[in-house]
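Report on the following structure.
Every number here is computed from the coordinates shown, using simple stated rules; none is lab data. Since the structure is predicted, the reported quantities are computational estimates derived from the model, not experimental observations. With ideal geometry, Cβ positions are generated from the backbone for all residues, glycine too; neighbour counts draw on all protein chains shown.
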Amino acid sequence: MPHFSIEYSANLDDIVDIAKLCDALRKAAIETGVFPLAGIRVRAFRADHVSIADGDPQHGFLDLVIRLREGRSQDAKEAAAAHVFKALEAFLEPAMAEHSIAISMEMRDIDAQLSPKTGTIRDHLKKDAT
C-alpha cells in the first residue's frame, strides 16, 4: 500500500497528460518516505459522464484518493498528504491557469484485518528503482 486512484473528467484528456501525472504522483509518494516502494500503485479512471457546478461542459475535475494500511502516525500522514497534494497542484498548475478545473484529494486508512495482501513485486524490484 498505498493505492492512489485518480478519477477525472474526460475533458481533461486534451489538456493534461494523465500518464505523466500518474508517474509524478508515484515519485512524490516515494519522496515522502512514508510509503513502501513495492506497495505504491497509481491508476487513473476517466469519468465520461459528469455534470459540474453550473453545468458548463468546460468545467473539469480531478479527484485523488489515497488508500493506505493503518498504522502510520497522524503527523506522517498529514506530511505525506501535503507533499503529494503539492505535487498534484504543481503538475496541474499550467492547465488550471487556463481552464476551469477543481482538484481534490482524500487520504484514508484501510483496516489491515479486512484487507489481505500478497504479491511478488518485492522479489522483482530493481535496486535503483524510482
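From the list Ile52, Ile103, Ile15, the lone residue that is touching a helix residue (DSSP H, G or I) at 6+ places or on another chain (Cβ under 7 Å), of a type in the set (Val, Ile, Thr), assigned to a loop (DSSP other than H, G, I, E, B) and more than 16 Å from Met1 (Cβ to Cβ) is Ile15. The single condition among (1) surrounded by 15 or more Cβ atoms within 10 Å (Cβ to Cβ); (2) outside any helix (DSSP H, G or I) that Ala29 does not satisfy is (2).
Residues considered: Gly39, Gly71, Gly60. Of these, the only one that is loosely packed, with under 14 Cβ neighbours inside 10 Å, more than 13 Å from the chain's Cα centre (by Cα) and farther than 12 Å from Met107 by Cβ is Gly71. Could you check, for the stretch 28-41, whether at least one of its residues is in contact (Cβ under 8 Å) with a residue 12 or more places away in the chain and farther than 18 Å from Arg72 by Cβ? Scanning the stretch 28-41, I find no residue that is in contact (Cβ under 8 Å) with a residue 12 or more places away in the chain and farther than 18 Å from Arg72 by Cβ, so the answer is no. Evaluation of Thr120 against the conditions (1) among the polar types (S, T, N, Q); (2) touching a strand residue (DSSP E or B) at 6+ places or on another chain (Cβ under 8 Å); (3) farther than 15 Å from Phe4 by Cβ shows that the sole unmet condition is (2). Pairs meeting the criteria (first residue in the stretch 47-61 and more than 18 Å from Glu98 (Cα to Cα), second residue surrounded by 10 or more Cβ atoms within 10 Å (Cβ to Cβ) and among the acidic types (Asp, Glu), beta carbons under 6 Å, at least 6 apart or on different chains) are Ala47/Glu7.
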